[in-house]
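Asker: Just dropping this structure here.
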Amino acid sequence: MQYLTTIMNEYGYLVLFLSIALGILALPIPMEAVLAYAGFLSFLEQLNWFGSILSSALGCTLGMLFSYWVGFKLGMQFFEKHGKRIHIESERLEAISNWIRKYGNKLLLISLFIPVFRHFIGYFSGITRVPIKVYTLYTGIGSTLWVSSFIFIGKSLGPQWDIFFEAIKKYVFLTIIVLFILIGAIYLFKKIRNVVMETGTK
């Protein structure tokens with residue numbers, strides 16, 4: 001993070017754009033902290049508040065569009081053929097696909113606020129062939145809401161933005177743990193339900 005803040009002081013919007021775009025593609029970049037620091041720089045008037053939102057929202061949208069393109073190119077055939085190797089069997093893929101078809105637009109608006117999940121929603125949107133115009137619209141809106149929130153927090157906290165960074169690290173860690181527990185619980189529940197149903201039919 002210290003390296004990023006140093007080069008952000010010098011190259012500003014370009015670093016902001018690239019770090020968010022690459023972070024969306026799952027590179028280990030603390031994106032919330034980068035956005036909060038951009039807010040701090042706007043507090044110091046070293047960066048323009050609107051320019052920070054614009055460059056980071058564009059970077060986020062670009063990253064999401066690239067992940068969509070990868071998912072679109074791979075398609076269902078890839079996961080039907082190789083899914084078992086990465087524990088995404090055809091039944092699970094179909095369930096995820098139906099979920100995205102049903103709640104896709106709403107998910108795109110909030111997915112960026114959810115660590116880990118935001119790195120996969122783009123790929124699955126491409127795989128399930130969410131219309132590109134719809135995807136771009138909702139991703140653009142979601143990206144703007146997400147980056148604006150953290151830039152505003154950094155600008156509001158001013159010199160205390162680094163305290164927020166420490167809190168964010170705990171928030172991300174706890175959210176990831178909760179997500180894995182939730183996914184594990186759902187998987188276990190379905191396994192138990194299937195066993196009970198199979199037993200009941202015998």
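Asker: Hey, among 54, 47, which residue is closer than 30 Å to residue 12 by Cα, in a helix (DSSP H, G or I) and modelled with pLDDT of 85 or more?
Answerer: 54
Asker: Still on this structure: Out of the residues in the stretch 7-64 that are within 17 Å of residue 155 (Cβ to Cβ) and β-branched (Val, Ile, Thr), which is surrounded by the fewest Cβ atoms within 10 Å (Cβ to Cβ)?
Answerer: Per the stated criteria, the residue is 53.
Asker: Suppose we keep only residues that are assigned to a helix (DSSP H, G or I) and of a type in the set (A, V, I, L, M, F, W, C) within the stretch 35-44. Which one would you say is farthest from the chain's Cα centre (by Cα)? Walk me through it before giving the result.
Answerer: Here is the first cut: in the stretch 35-44, the residues assigned to a helix (DSSP H, G or I) are 35-43.
Subsequent filtering for residues that are of a type in the set (A, V, I, L, M, F, W, C) retains 35-36, 38, 40-41, 43.
Details: 35: 14, 36: 17, 38: 19, 40: 23, 41: 24, 43: 26 Å.
My answer is 43.
Asker: Still on this structure, I have one more. Somewhere in the stretch 87-98, is a residue among the small types (Gly, Ala, Ser), at pLDDT 80 or above, on the phi < 0 side of the Ramachandran plot and buried (at least 16 other Cβ atoms within 10 Å of the Cβ)?
Answerer: Within the stretch 87-98 (the criterion being among the small types (Gly, Ala, Ser), at pLDDT 80 or above, on the phi < 0 side of the Ramachandran plot and buried (at least 16 other Cβ atoms within 10 Å of the Cβ)), the answer is no, since none of the residues qualifies.
Asker: Continuing with this model, one more query. Looking at the stretch 140-164, which of the residues that are aliphatic (A, V, I, L, M) and surrounded by 23 or more Cβ atoms within 10 Å (Cβ to Cβ) is modelled with the highest pLDDT?
Answerer: Taking the stretch 140-164 and keeping what is aliphatic (A, V, I, L, M), we get 141, 145, 147, 151, 153, 157, 163.
Those left that are additionally surrounded by 23 or more Cβ atoms within 10 Å (Cβ to Cβ): 147, 151.
Working: 147: 93, 151: 90.
Across the stretch 140-164, the extreme among qualifying residues is 147.
The values are calculated or read from the model by the stated rules, or taken from the named source; none is laboratory data. For clarity, every value in this text was computed on a predicted model and none was experimentally measured. When we count neighbours, we look across all protein chains shown, and the Cβ atoms used for this are built from the backbone with ideal geometry, even at glycine.
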